[in-house]
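Sharing a structure below in structure tokens format, with a few things to ask.
The values are calculated or read from the model by the stated rules, or taken from the named source; none is laboratory data. The shown structure was predicted, so the numbers you read here are calculated from the model rather than taken from an experiment. Please note: Cβ atoms are built from the backbone with ideal geometry, for glycine as well, and neighbour counts cover all protein chains shown. Each accessible area value is taken on the protein alone, full model and side chains, heavy atoms only, with ligands, DNA and RNA left out. Shrake-Rupley method; radii C 1.70, N 1.55, O 1.52, S 1.80 Å.
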Amino acid sequence: MRILFLGAPGAGKGTQCKKLSAKLSLAHLSSGDILRDAVKNGTQAGLAAKEFMDQGKLVPDNVLIDLFREKLNDASCKNGFILDGFPRNRAQAESLDLLLGELKANLDRVIDLKTSDDLLEERITGRRVCPNKACNAVFHTKFSKPKKDGICDLCGTELSHRSDDKPELVKQRLAVYHELTSPLIDFYKAKQILVSVNGEGEQEKIFADILETLNQGSHK
Ligand code: AP5
Ligand code: MG
């Protein structure tokens, strides 16, 4: 199965995609995680991306398209994948269509994780992430506490803050989402592969709703 998640910053894309990738044995391609890894490793893509990420702006399209072309051609995606954070504007969505057309691997479902803006700042500023690339688990100081304060439940690494998880950047990231990314809801609605899922409430309930919509089909 080939699935794309849309949703605002902090909507819970990463949280739900991780669960879904484990449940359905699908590759999870998070654009943010891929970019943060590139920045950490000082690659050309990372050097090009850093200044935009630090300002809560979109990284240039060509950087993302090149990265995803490489990832989607990898053998790990042959049995399906979950895209989280890419595409993020119309030009990226059109490039992805071309790329998936070449691979004969069109998207089966697009899940729009719906949340109201008011709850996102608290979700984002309380987020703690595992910096271990092989883990990348996501926690929250209030909503999803690790068993031991500041330590990843899964691999024991010390948790950290994302550098773009500051209140002043959250507003900027949300503005970018509303201007450039949310129009993709209509783009995928027109293709009749979009389903909307309520992203507010208990994580387990949201996950159950996602599984149900994947079993049921589209056009909601
Ligand atoms: P990216 O890393 O993709 O960030 P984002 O889209 O802003 O989304 P987040 O990762 O902040 O939120 P999420 O929806 O994954 O939420 P999570 O599950 O962690 O992108 C970062 C930057 O990279 C961008 O600003 C841009 O610069 C660049 N970039 C990335 N992709 C790009 C692209 N395609 N083009 C150009 N530039 C690009 O959850 C958030 C918190 O809430 C967690 O603490 C979690 O524990 C908690 N939580 C989750 N679910 C619930 C729940 N149901 N109830 C309570 N708390 C919850
Ligand atoms: Mg994320």
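Counting only helical runs of four or more DSSP H residues, what would the 222 nm mean residue ellipticity of the chain come to if each run contributes -39,500 (n - 2.57) and the total is spread over all its residues?
Numbers: 9 runs with 96 residues, N = 220.
After summing the helix terms and dividing by the residues of the chain, the value is -13000 deg cm²/dmol.
Output needed: percent of Cα pairs per 10 Å distance bin for the chain, bins running from 0 to the one holding the longest distance.
Distribution as computed: 8, 34, 41, 16, 1 percent.
Enter the accessible area of residue 1 (Å², nearest 10), with the probe set to 1.4 Å and all protein chains included.
Number for this one is 80 Å².
Next up: Rounded to the nearest 0.05, what FRET efficiency do residue 155 and residue 178 give with R0 = 22 Å and r taken as the Cβ-Cβ distance? Could you check?
On the way: r = 35 Å, r/R0 = 1.60.
Using R0 = 22 Å, I get an efficiency of 0.05.
Let me check something: with ligands and nucleic acids excluded, how do 188, 177 order by accessible area (1.4 Å probe), largest to smallest?
Putting 188, 177 in descending order of accessible area: 177, 188.
Can I ask one more? Roughly how much of residue 163 is accessible, in Å² to the nearest 10, using a 1.4 Å probe?
80
With each pseudo-label sitting 7 Å past Cα toward Cβ, what's the residue 103-residue 78 distance in nm, one decimal?
Here the answer is 1.3 nm between the modelled labels.
Can you pull the accessible area of residue 107 for me, 1.4 Å probe, Å² to the nearest 10?
Rounded to the nearest 10, the figure is 20 Å².
Enter the accessible area per residue of region 142-207 (Å², integer; probe 1.4 Å; all protein chains in place). Show your work: numbers first, answer last.
Values: 4120 Å² over 66 residues.
Per-residue value: 62 Å².
Please give the FRET efficiency for residue 91 paired with residue 142, using the beta carbon to beta carbon distance and R0 = 41 Å, rounded to the nearest 0.05. All intermediate terms of the calculation are to be shown ahead of the outcome.
Numbers: r = 37 Å, r/R0 = 0.90.
Step by step, r from the Cβ atoms, then E = 0.65.
Please list, by residue number, every one of the GluC sites (Glu not before Pro) in region 146-220 that is coil in DSSP and has at most 11 other beta-carbon atoms within 10 Å.
Details: sites: 158, 168, 179, 200, 202, 204, 212; in loops: 200, 202.
Passing sites in region 146-220 are 202.
Between residue 196 and residues 5 or more places away or on another chain, which pairs have amide H atoms under 5 Å apart, with H built 1.01 Å from N, and which residues are they?
For residue 196, whose amide H was placed from the backbone, the distant partners under 5 Å are 112, 220.
Right, something else. Positive end of the dipole of the chain, charges at C-beta (+1 Lys, Arg; -1 Asp, Glu), about the Cα centre: which of 24, 124, 190 has its Cα farthest in that direction?
Among 24, 124, 190, the one farthest towards the positive end of the dipole of the chain is 24.
Given a 1.4 Å probe and every protein chain left where it sits, what share in percent of the accessible area of region 112-220 is carbon and sulfur? Write down the numbers at each step before the final one.
Numbers: 3180 of 6270 Å².
Exposed carbon and sulfur together represent 51 percent of the surface.
Sticking with this structure for a sec: What do you get for Rg/Rh of region 1-111 when both radii come from the Cα atoms and Rh is the Kirkwood radius? Don't skip to the answer; put the middle values down first.
Values: Rg = 13.4 Å, Rh = 14.2 Å.
The Rg/Rh ratio comes out at 0.94.
Taking only protein heavy atoms into account and a 1.4 Å probe, give the accessible area per residue of region 95-141 in Å².
Details: 2210 Å² over 47 residues.
Accessible area per residue, region 95-141: 47 Å².
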